[in-house]
Amino acid sequence: MFSKFLCTDVLAIRCVDNLIFVGMGCVLYIFNGNTYKLEEKINCLYPYNIHGIIEGPDNKLTVFGGNLFCTYKIHLKQGRLTIEENSSKKRLNDWIVSAKWVVFDGYNYLYVLLAHNNVYIYDIFSECYRSIWCEEKCILYAGSILHNSDEDVIIFSGTVYQEILIWQINYAHHGNTSPVLHRLQGHNGVIFSVIYDPLAQLICSTSDDRTVRLWKISNNKSEDSDHILEGKLEKTNWREINIRLMRTMFGHTARVWKSVIRNEILITVGEDSLMCTWSLDGKLLNKVCAHHGAAIWSIDVSDDNKIIFTGGADGAVHAWPFVNDYIQKAILLPKAHIHTLPKYVCCLRSGNFLIFNENGTLFIFNNCYRSLGSLYLEKYNTYCVMEVSLCRSCVCFASRDGYISIYKEVVPNKELQQIIEEKIMDSQIFSVQWLENNKLVICGINGILKIISVTEEGLIIIESVCLLPYSRERWLTAAALYEGLLVCGDRAGNMHVFDLQKSVSCNGANISETNNKCIQTFVKVHGKIGIQSFIVLNSKLISAGRDGMLKFYELNKRENTKLLCTLHKQKMPMDWISGYLKSSDDIFVLGFKEVEFIIYSMFHYRILMRVPCGGGHRSWDCMLQNEFITFLYIRNKQVYVSDFPLSFFTSPVLLNGFHTKEIYCINPISKIGQNNIFISGGEDSTVRISYISSKTMNSNFFFRTLNIFDGHISSIKFITYLSLQTDHSYNKYLIFSGGGRAQIKVWEIDIIDSEIYLQNTDISCYDITSHMLYGVDRSRKKQWQESNHFYNMDPESRYMDIEVYRCPTNLQYILLFVACADGFVRVFLYDINTRNISLKAHVKCVDRCITKITVLTYNEKVIVLTMSTDGIGRFIDFTDIISKIIIFPQNEEQEFHNYKNLFIVNFNLHQSGINSYDIKMIEKNEYLLATGGDDNLFNIICFKVQFQSTNKELHISLLSKWNSCTAHAAQITGIIFREKNIIFSVGVDQRVNMYCYDYTNGILSVTFLKKISTFVTDVKGLTSWYNSKGESVVCVYGRGFEILIS
Amino acid sequence: MGKTSKDKRDIYYRRAKEEGWRARSAFKLLQIDNECHILNGVNKAVDLCAAPGSWSQVLSRRLNENYKKALETGNATPPKIVAVDLQAMAPLEGVIQIQGDITNINTAKQIISHFDNEQADLVVCDGAPDVTGLHDMDIYIQSQLLLAALNITTHILRQGGTFVAKIFRAKDVTLLYAQLKIFFPYVYCTKPSSSRNSSIEAFVVCKDYSPPEGYKPHMLNPLLTHKPCDFDELTGINRVIVPFVVCGDLSQPDSDTCYPLNFEGKEYTYHEPVQTPIAPPYQEALTLLENRDTDFRRSDVNVVVDNLSSMTIADFKKQAKQKHKEITKSEISKSQNSKNDDSDDVSELDQLMFTELFDESDNKDKTT
């Protein structure tokens, strides 16, 4: 068995010259520093994780982790990488905290700091070593080594006892213990990192107490000459110096793992997924949520100080621009008229800005903030709507008496020219929306919408007229053309769709009747406030609103009706989404959260920029032009501009990440071309659709997540699917997901089989419905508020597992058997036609948590097998309950207690919880059931289902069994049957075992074949599939996942 | 989430509060005792890494019961319990407390002096490190803690005595079993039903302390050296096999099951925790978050304490408050200068509206 692909914690990153070394599991990934392409993958420390990578003399590279280290010689010559193992793996008898290569008198030594505060000095030449202890013996979580002078090595030890110890090893001195020179006290928690920067003469420590602390070293003797000459820097006499705590910095909201100092800039990373950039004088320059909520374990900066690399618990490695002055100071435009206030602002394609003030004067400024002139627009001096065109070369004004004027920037750096002024409406114009470069929709009183286009000659053609359906506030907030439809949002929050193709184009300015009927209305799509913006993204439409949500729609062309279907929605990290920008490969969603303006990348799923502008409800504009994003806004009666180069936001991905917390389920759903597509869910409460390609690049599979769907309010314990339709180009699946807070969700996922390259737009996900056992929070909260002494007695149940059963007599009905943590099996009915889910039966099965459930059928009988934390497998006859549900689907839910006559048989399988199982039918009505328990027991039984001849009663008999308690040293959390007679099992002990079974003459026996250690911790399960080469692949998941091939 | 949600999620948490235990872990020791009878006949016991003290509470109750029973039949000496922890712990009746390090020989001497230079019948240790999430490291630190506990135990436990300690059942656990087997002929791995099914935590019960002949306890090296181990050796046929025992029969509730608040027909009343938890290392950070001016999650707040000018966090807070006041003042005066100022005020109003609207999505709860 060998590992083919791994995605888990990235614990080490090191940049050396033009190579980037990344340690994930036992594998060292070597990337090219220019192209970020993977050059090579070497298995270094199996079965231990790489915790550190350090460079040494003569192109040496040492990799360490656990109590193991090994050294390579690595050359990059003319683009060719050569790697040779310099020494075989060395095993020490203690945990390695840190290591450093040190040269004395031309000899190379490797200093290794161990977890009990001792240093092991390894002489590479003679291959002998000696060990030196610090007089203070304690356990270290962190430390670093400084080669101070010809003979001295300084050790910084970060202890469990909140202290940093500084001690010295003198090479000439042959004692075995060394005294502590300095103790740095101040932290209130375990020290997780301590580094020393000789240039800044600062020690930086990070801790459990959420702080980053800088400690200044200064010379005792000469108080006034703190600045030591540069040449003498390394000869600091550490006995003589004075160390004082200089700064305590708060910025992280969880434990701070590591820090780096470069170019007078300190970068810290932590468990909260934040990468904080600080100036050494104590200013937080920037804060990036770098790994989507997953802890960041490792960080390094390229040798030219231009790029930062981070590695996280999501398995990702990202590259970030190293920018010192990340936050741009907003620039104040000179006040043109001291006593008038700016009302509207916008950016033009040329880079010039327009400012329209309350008196009706339009100013134009160039990008150096110099005024280029002004226009007085008398018509618009009291009331005005101003909208810049999509191409940003025109701006449209609309008046209270129904006029519109369009001004165009004809000559750059000159005043605008009016190209049109015409009365369009008989009433006040409430809103103007640009649909295309020369097409607008104008909204007048009583919901009249006029779609007009502007010809080259400056003529206005009224293309069609629509009427917004009646609502409390009947005017337009957003509009877009999508697949020949006009999609509009009104102020009351409704979305209306008009089919424009039906309309006969009418001329003349006064059309009161319209044949353009609204063909579809979606009520209050983003709450009671109007839709803010529409985005057309390939074949999908997205609406954005002031509930911070993006909602996706698609035109359903299949059934020959032009109707929009609602797909899923996506929560943005903002309260108010106001717009978007499109770049060549990304969509930036723009909006506000509290006092900040936010730019969010849809491709990277992250906030790119936050500008404290004071919040929404102001005139602002944001433009992407020439690799710059310009944000223009009014604050406190003044206009500010911020420019951000797009390069600030580029964060190339070296390795793609996955779930930010434990994965509870992975289900392969389809194989398209060379790609295996799977769906997954976990503790981070997201559902993901991802694929892995069998095409290898430098023996690494390509893996990417196509889409992330939220909607679960707690962890997802299971995902199961049902294939509704599969043909060559189109696959349709019904997905059921559920877990914490007793929530179950139904999705439909369509995957279009497009060529070889899969894109996220090839997937459409319909968020069909959600069911919560105790209702949604909103209604519960009210109850709570009514009386302070009211307790809801019902337990907070969790759903643990599901089994889907499609009724053979009535295919539209799908029954879901859900195993619950309160000992119930709950039966839901999902109707494919009405797309409704309803809870039909509660069946109390046991007073324990049911962890697993499966369904067997025998003739017309439906038998449910539950497995629970008491180690018992219970076979329960659900035939009657189900037939009642199918016959009377309208009936209310029923509760079944003590239905002891339903119980067929109990098998005592384990001492405690059953954590995993797989079942296989070997002959008609004969099954093999393999279970893995909390008690380390690997159990296989063979049983038979039959009617007892006399009274037609169901009977299940145990034919044979086999078990082993030595297969694993901890809980067994995954078991799977594979082709032929192969079984795999995996446990929390990170061991994957492969066995084959034999069942002959009624006797079951199992032979152990082979094993491998996995680097996935907190293992939650096993799954398998066939890749495009037809190889059988086993996938272990938990904290990350690993793909193994036997 | 209401204050009852934790009560619902975990029946042992609820029961611990009802029965007056300082932590739910008390049930773990009780259940281990029910199965393995570790407290029978014990008169002198040591609780290592005792804080917050729930195991000491159990020892105190049970050993006094033993004593009373013994008194009925004849002479008996009152029990003695010594609790050791690095942290200070709220006092407990009948428990002698030592604030000390278990890797220090003086701690061992102190313990024995409390027993009138006799050795203990039982040593228990429920200590665990703060888990970092780096599994291999957490397991290593836990194993070091267990070995340190074992090491001090070799100084203070009598021949034939019992040792119970927390262990992480994970990769390489067999190595630990092997080391325990050197000192105890009977080693079991037990899991009380009050310990969650999903948890890697388990407890080793080691009986009949019999150190190898000629073994002299020492403190020089606080750990029993990790011999370089061959991975295959540990997983092959010759590896140490330690029986796994589940403690707590089916009459005991299950920690993974959600029970209604009125479970077993008892009327539910809310109980406050017996003891408020000890201040976490990040207490200071928490207090900063409470105040808007020092809430460093906000983009417009920078919390850096300049220690060289001997500034304290309290000073910083005061300063931040002052600064905030000044800013608000200047903004007010600005807006008074110019009429028709609505942009910022409206935006604030709007925020209020939105916090109300979005209360729910922000309360996304992932704990269940």
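Brief remarks on what is shown
- Extreme residue, modelled with the highest pLDDT, among residues of region B:273-294 that are in contact with a helix residue (DSSP H, G or I) (Cβ under 7 Å, 6 or more places away or on another chain), more than 15 Å from A:Thr248 (Cα to Cα) and not polar (S, T, N, Q): B:Asp293
- Counting only residues that are under 19 Å from the mean Cα position of the chain (by Cα), under 16 Å from B:Gln142 (Cα atoms) and part of a strand (DSSP E or B), region B:164-195 holds 5 of them.
- Candidates A:Lys100, A:Lys73, A:Lys41, filtered to the one that is in contact (Cβ under 8 Å) with a residue 12 or more places away in the chain, of a type in the set (D, E, K, R) and surrounded by 20 or more Cβ atoms within 10 Å (Cβ to Cβ): A:Lys100
- Residue check for B:Gln159: crowded, with 21+ Cβ neighbours inside 10 Å and either touching a Pro at 6+ places or on another chain (Cβ under 6 Å) or assigned by TED's automatic domain parsing to the domain that holds B:Glu35 (or both): no
- When each of A:Thr566, A:Thr561 is tested for being in contact (Cβ under 8 Å) with a residue 40 or more places away in the chain and either part of a strand (DSSP E or B) or closer than 28 Å to A:Gln759 by Cα (or both), the lone residue that passes is A:Thr566.
- Exactly one residue out of A:Glu271, A:Glu240 is open to solvent by 20 Å² or more (accessible area, probe 1.4 Å), in contact (Cβ under 8 Å) with a residue 24 or more places away in the chain and acidic (Asp, Glu), and it is A:Glu271.
- Matching residues in region A:243-268 - criterion: being within 19 Å of B:Thr132 (Cβ to Cβ), away from every other protein chain (no Cβ under 11 Å) and either small (Gly, Ala, Ser) or surrounded by fewer than 22 Cβ atoms within 10 Å (Cβ to Cβ) (or both): A:Lys258, A:Ser259
- The residue pairs whose first member lies in region B:128-139 and is more than 7 Å from every other protein chain (Cβ to nearest Cβ) and open to solvent by 20 Å² or more (accessible area, probe 1.4 Å), whose second member is outside any loop (DSSP other than H, G, I, E, B) and among the acidic types (Asp, Glu), and whose beta carbons are closer than 6 Å, counting only pairs six or more residues apart or on different chains, are B:Val131/B:Asp138.
- Contact map, region A:126-151: first residue away from chain B (no Cβ under 14 Å) and within 16 Å of A:His182 (Cβ to Cβ), second residue open to solvent by 20 Å² or more (accessible area, probe 1.4 Å) and not small (Gly, Ala, Ser), Cβ cut-off under 6 Å, separation 6 or more or different chains; pairs are A:Ser144/A:Ile195; A:Ile145/A:Lys100; A:Leu146/A:Tyr196.
- Just so you know, in region B:98-127 the residues that are closer than 24 Å to A:Val97 by Cβ and of a type in the set (Val, Ile, Thr) include one that is nearest to the other protein chains (Cβ to nearest Cβ), and it is B:Thr103.
- Taken over region A:620-645, the criterion of being touching a Pro at 6+ places or on another chain (Cβ under 8 Å) and open to solvent by 20 Å² or more (accessible area, probe 1.4 Å) is satisfied by A:Glu627, A:Phe628, A:Lys637, A:Gln638.
- The condition (being surrounded by fewer than 19 Cβ atoms within 10 Å (Cβ to Cβ) and either among the aliphatic types (A, V, I, L, M) or touching a Gly at 6+ places or on another chain (Cβ under 8 Å) (or both)) is satisfied by just one residue among A:Ile887, A:Ile863, A:Ile881: A:Ile887.
- Checked across region B:238-258, the condition of being more than 30 Å from A:Val846 (Cβ to Cβ) and either modelled with pLDDT of 75 or more or exposed (fewer than 11 other Cβ atoms within 10 Å of the Cβ) (or both) holds for at least one residue.
- Against the criterion of being assigned to a loop (DSSP other than H, G, I, E, B), aliphatic (A, V, I, L, M) and either touching a strand residue (DSSP E or B) at 6+ places or on another chain (Cβ under 9 Å) or crowded, with 19+ Cβ neighbours inside 10 Å (or both), A:Ala930 does not qualify.
- Scanning region A:307-348 for residues that are surrounded by 14 or more Cβ atoms within 10 Å (Cβ to Cβ), in a loop (DSSP other than H, G, I, E, B) and at pLDDT 65 or above turns up A:Ala313, A:Asp314, A:Gly315, A:Ala316, A:Phe322, A:Val323, A:Thr340, A:Leu341, A:Leu348.
- Considering region A:42-89, and only residues there that are more than 14 Å from chain B (Cβ to nearest Cβ) and on the phi > 0 side of the Ramachandran plot, the residue that is modelled with the highest pLDDT turns out to be A:Asn59.
- Taken over region A:866-884, the residue count meeting the criterion of being in contact (Cβ under 8 Å) with a residue 40 or more places away in the chain and over 25 Å from B:Ser195 (Cβ atoms) is 6.
- Here the condition is being open to solvent by less than 20 Å² (accessible area, probe 1.4 Å), under 46 Å from the mean Cα position of the chain (by Cα) and modelled with pLDDT of 90 or more; of A:Ile364, A:Ile404, it holds for A:Ile404 alone.
- Pair list, Cβ under 8 Å, 6 or more apart: region A:944-957 residue outside the structural domain of A:Phe875 (by TED's automatic domain parsing) and assigned to a strand (DSSP E or B), other residue open to solvent by 60 Å² or more (accessible area, probe 1.4 Å) and among the aliphatic types (A, V, I, L, M): A:Lys944/A:Leu959
- Residues in region A:855-875 that are in a strand (DSSP E or B), under 36 Å from the mean Cα position of the chain (by Cα) and within 21 Å of B:Cys258 (Cα to Cα): 4 in all.
- Criterion (more than 22 Å from A:Gly974 (Cα to Cα), away from every other protein chain (no Cβ under 14 Å) and touching a helix residue (DSSP H, G or I) at 6+ places or on another chain (Cβ under 7 Å)) met by exactly one of A:Asn675, A:Asn656, A:Asn636, A:Asn707: A:Asn707
- Residue satisfying all of: in region A:987-1003; buried (at least 18 other Cβ atoms within 10 Å of the Cβ) and in a strand (DSSP E or B); nearest to the other protein chains (Cβ to nearest Cβ) among these: A:Arg991
- Considering residues of region A:568-588 that are within 14 Å of chain B (Cβ to nearest Cβ) and among the aliphatic types (A, V, I, L, M) only, the residue farthest from the chain's Cα centre (by Cα): A:Ile577
For every residue, the table says whether it meets (1) touching an Asp or Glu at 6+ places or on another chain (Cβ under 8 Å); (2) open to solvent by 10 Å² or more (accessible area, probe 1.4 Å).
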residue: A:Ser131; (1), (2): no, yes
residue: A:Lys137; (1), (2): no, yes
residue: A:Gly143; (1), (2): no, yes
residue: A:Leu146; (1), (2): no, yes
residue: A:Glu151; (1), (2): no, yes
residue: A:Ile164; (1), (2): no, no
residue: A:Ile169; (1), (2): yes, no
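- Any hit, region B:29-48, residues being open to solvent by 30 Å² or more (accessible area, probe 1.4 Å), in contact (Cβ under 8 Å) with a residue 24 or more places away in the chain and within 14 Å of chain A (Cβ to nearest Cβ): yes
The values are calculated or read from the model by the stated rules, or taken from the named source; none is laboratory data. Keep in mind the model is a prediction, meaning the values are calculated, not measured. Heads up, the Cβs are rebuilt from the backbone with ideal geometry, glycines too, and the neighbour counts pull from every protein chain shown. Accessible surface areas use protein heavy atoms only, side chains included; no ligands, DNA or RNA. Shrake-Rupley method; radii C 1.70, N 1.55, O 1.52, S 1.80 Å.
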